[in-house]
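We did not get these values from a lab; they are worked out from the coordinates using the rules stated. All values derive from a computational prediction rather than experimental measurement. Please note: Cβ atoms are built from the backbone with ideal geometry, for glycine as well, and neighbour counts cover all protein chains shown.
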Amino acid sequence: MNPITKFIFELQGISLLVWRSFTGLFSRPRYASEWIRQMDLIGVGSLPIVLLTGFFTGAVLVLQTYLTLQAYSIQSSTGQLVATSLVRELGPVLTALMVSGRIGSAIAAELGSMVVSQQIDAMRAFGTDPNRKLVAPRLIALILMLPLLTVAADIFGLIGGAIVADTIYNQDVNAFVNSAREGIQVKDIIGGVVKPVFFGLVVGSVACHKGLSTTGGTVGVGKSTTDSVVIASIWVIIFDFFLSKALQYLLDIGKM
Amino acid sequence: MAKLEDTLNISDEEGFVTEFDAAMDDPYRVKPVIEFRDVRLAFDDKVILDGVSFTVRRGETKCILGRSGGGKSTTIRLILGLLKPDSGQILIDGEDITGFSEEEMMPVRQKIGMVFQEGALFDSLSVYENVAYRLREQNVEEEEIEHEVRRMLRFVDLEDAIDKTPNELSGGMRRRVGIARALVGDPEIVLYDEPTAGLDPPTARTICELAIKLRDLQDVSSIFVTHEMNNIGYLSSEYAIVTETGEVVLEKEGEKLCLINTEVIMLRDGKIAFSGTDEKLRSSSDPYIQNFVYGK
Ligand SMILES: Nc1ncnc2c1ncn2[C@@H]1O[C@H](COP(=O)(O)OP(=O)(O)O)[C@@H](O)[C@H]1O
Ligand SMILES: [Mg+2]
């Protein structure tokens, strides 16, 4: 099959999966306990790595940009620069990439091994729709948890930045915080929370689709897992560009 | 043996099908439970089923023989509606399920119990939850679930394993839990996909005995996929009856009785290469069948 046809088929598969899962939410059974379990696994489970990533990203941003800004004598704006880059870009994207690596891969591997061991067939044979029981809870959990994780990463990033500014460059923490507060507007925060909603959808739907379309035994599971992480990560980065553009337009960001 | 009888609550009315002749005139029995009409299926360019037609009557066990990769599991997946044929029709209880949506398949699947090739137990659930799975989906009350689960685990002689997880079980035990899970809710059709593959001979024999009892005492229609000739030997030469003292025993077919509720079909290159009784299969002169049956 040529790559373009293949791509269109994959896109169709993913769209159908998402469509079926969301339309399934309007009728019973909904497996609410499964939603809670997934939110716990995905949200609470990813918190440590996301906080660490956020913290050191903020820290390294200050470490690197302070000197450049100092060259123009505007080092007092470090807080602003770090805050806007974190909230607009790095927080959402890095969190999505970390979650794709940790959760997307786990979802693809779990669903993939259920496919090859015929557990998905068994579910369907015994009266369960896997879209409702397996896909919908994971999608919902990712869509709800990713924005929260992103906010947590942003906050830890600012803390990391503040610590570096204070300890390495002797910039007063208050000055840093004030500059950061000046820099971020409500629109930035809205944008920074809207993005991860879409990233959650991308990571979840790619992982579920890859997992459920696994073929070829245990080797196939490995392939689905890697594919899912690679594809979801690429899409997060591509989507990020277009989402940023759309948000700039919708929220009037950057108009002087 | 006595244990089985009280677990199954077998009474005399409950489908005693050793006297076939009278039974076979009954219209309820004449209508096939499963029917394939010229079913074709290919994956990409690879033709798996190429015009397959057969029927399974009520209370009948159809053994499907064939090479690995010959489309046996695919046939079973088609019956459950997990796959759709490219052309042809599949009827369950006279109802054409070929165009059924996933939603419409659900009530049909409730009539069917499926024993998967490697067990396909849910790893994340205990044995109890595995067996209870179907009842939970139907929101049955906990008390009844527990009663059913225990009854089924007793039937496969695994009540002790109730709190274990599938990882703690041996291959034979997993297969028996799979059978218990399939039988919950007393389905009228049971599909076995190589239920004895990879098991030691006594365990394999036990599984065949379970299938014989279901066929003869519960009037279950089934498809039994296998490539072990001795399984077919058991299924087509022995039958289960309840004695006057209420015990379930297996007897060998003799002069007074010839089993006609078990037949064999053989798949070869997507077509049915043979269909008939075990005796006919063994006496066939076709070299392919000879090779399959006697391994030479
Ligand atoms: N979903 C699928 N996609 C592509 N090929 C498949 C699929 N399922 C089964 N096959 C192929 O169909 C053939 C028949 O498989 P199967 O019915 O499992 O055989 P068996 O008789 O051993 O049970 C095999 O060659 C298998 O590779
Ligand atoms: Mg098979």
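Set the Cα radius of gyration of segment A:14-251 against 2.2 N^0.38 Å, with N its number of residues, and you get 1.15. Volume of the convex hull of segment A:44-85 (Cα atoms only), normalised per residue: 55 Å³. Can you give me the C-alpha center-to-center distance between segment B:111-160 and segment B:262-296, rounded to a whole angstrom? Taking the Cα centre of each part, segment B:111-160 and segment B:262-296 sit 35 Å apart. With an 8 Å Cα cut-off and a minimum separation of 6 or more residues, compute the relative contact order for chain B in percent. After rounding, I find 25 percent. Return the long-range amide H neighbours of B:Lys271 (sequence gap of 5 or more, or a different chain), with a cut-off of under 5 Å between placed amide H atoms. Here B:Asp50 satisfy the definition.
Couplings for segment B:260-268, taken from phi via the Karplus curve 6.51 cos²θ - 1.76 cosθ + 1.60 with θ = phi - 60°, read 10, 9, 9, 10, 10, 10, 10, 9, 8 Hz in order; Gly and Pro are left as x.
Within straight-line reach of A:Lys187, meaning a Cα separation under 25 Å, sit the following lysines at least 8 residues removed in sequence or on another chain: A:Lys195, A:Lys245, A:Lys255. Counting neighbouring Cβ atoms within 10 Å and putting the fewest first, the residues A:Ile4, A:Ile107 line up as A:Ile4, A:Ile107. Normalised by the number of residues in segment A:14-251, the average gap of Cα pairs under 8 Å and 6 or more apart makes the relative contact order 34 percent. For the protein assembly as shown, DSSP calls about 60 percent of its internal beta bridges antiparallel. Treating r as the C-beta distance of B:Ser124 and A:Val173 and R0 as 56 Å, the FRET efficiency rounds to 0.75. Proximity of backbone amide H atoms, modeled 1.01 Å from N, is registered between B:Val220 and B:Arg215 at under 5 Å, excluding neighbours fewer than 5 places apart on the same chain. Summing charges over neighbours of B:Ile162, with a neighbour being any other residue whose Cβ is under 11 Å away from its Cβ, gives -2 when K and R count +1 and D and E count -1.
Among B:Lys280, A:Lys6, a tally of other beta-carbon atoms within 10 Å of each Cβ gives an order, fewest to most, of A:Lys6, B:Lys280. As a calculated quantity, the FRET efficiency between A:Ala32 and A:Leu63 at R0 = 41 Å, using C-beta atoms, amounts to about 0.35. Of interest is the spacing of the C-alpha centroids, which for segment A:108-161 and segment A:5-45 amounts to 8 Å. Cross-link reach is defined here as a Cα-Cα straight distance under 29 Å, omitting same-chain residues fewer than 8 places apart; for B:Lys280 the lysines meeting it are B:Lys31, B:Lys62, B:Lys72, B:Lys213, B:Lys252, B:Lys256, B:Lys271, B:Lys296. On the basis of the beta-carbon distance and an R0 of 30 Å, B:Thr243 and B:Arg67 show a calculated FRET efficiency of 0.15.
Within a straight-line Cα-Cα reach of under 22 Å, A:Lys223 can be paired with the following lysines, leaving aside sequence neighbours fewer than 8 residues apart in one chain: A:Lys6, A:Lys210. Put simply, the amide H of A:Thr215, placed in the peptide plane, has no neighbours under 5 Å, leaving out anything fewer than 5 places away on its chain. Span-like helix criteria (full DSSP H runs; alpha carbon extent of at least 18 Å along the helix axis; mean Kyte-Doolittle hydropathy of at least 0.5) are satisfied in chain A by A:3-24, A:45-71, A:136-167, A:186-212, A:217-251. Using only side-chain charges placed at the Cβ, +1 for Lys and Arg and -1 for Asp and Glu, the dipole size of the protein assembly as shown relative to its Cα centre rounds to 2460 debye. Think of it as helices only: each DSSP H run of n ≥ 4 in chain A is worth -39500 (n - 2.57), and spread over all residues that comes to -26000 deg cm²/dmol at 222 nm.
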